[in-house]
């Protein structure tokens, strides 16, 4: 800012200095007065130009800061919207937790029932296996008895055949000895 002459007035809090209005003092020399008015006009113009330049620079700085602030706000808004969507999705998932927990409890109960059923089935299968073994053993025993009976019948038959053969031979020998 330019240093103004002592014929300036400070206006407002901003410290803006304006030249004092020239006071008409009668018919003094027009050239001196004109020079003072021209000098005051040049000072006023210079002052306004300096103020405009500083206002323009401040306006540019404010525009840059506003763009940075706008970008920051947009980023924060996007993050907040993303967080809001995530929270809404999480809330929806959390709302299903009691139902999921209930279903898990039901599945656990069914698993316990199945475990009990499997234990009973295992015991029944072991009993069935024992019964099958016992049946197999009984079948083998009967097979052995059948084979023993068949063997006995064959032997009795052989004995009967041999007996009858020996009886016949004995009769033949008796006849031979009796007839001699």
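Rule-based calculations on the coordinates, nothing more; no lab input. The structure displayed is predicted, hence computed values, not measured ones.
A few points about this structure:
- Three semi-axes of the equivalent ellipsoid, region 35-180, Cα gyration tensor, whole Å, largest first: 131, 20, 5
- Extension gain, residue 95 to residue 66: 0.36 nm times the residue separation minus the Cα-Cα distance gives 6.3 nm.
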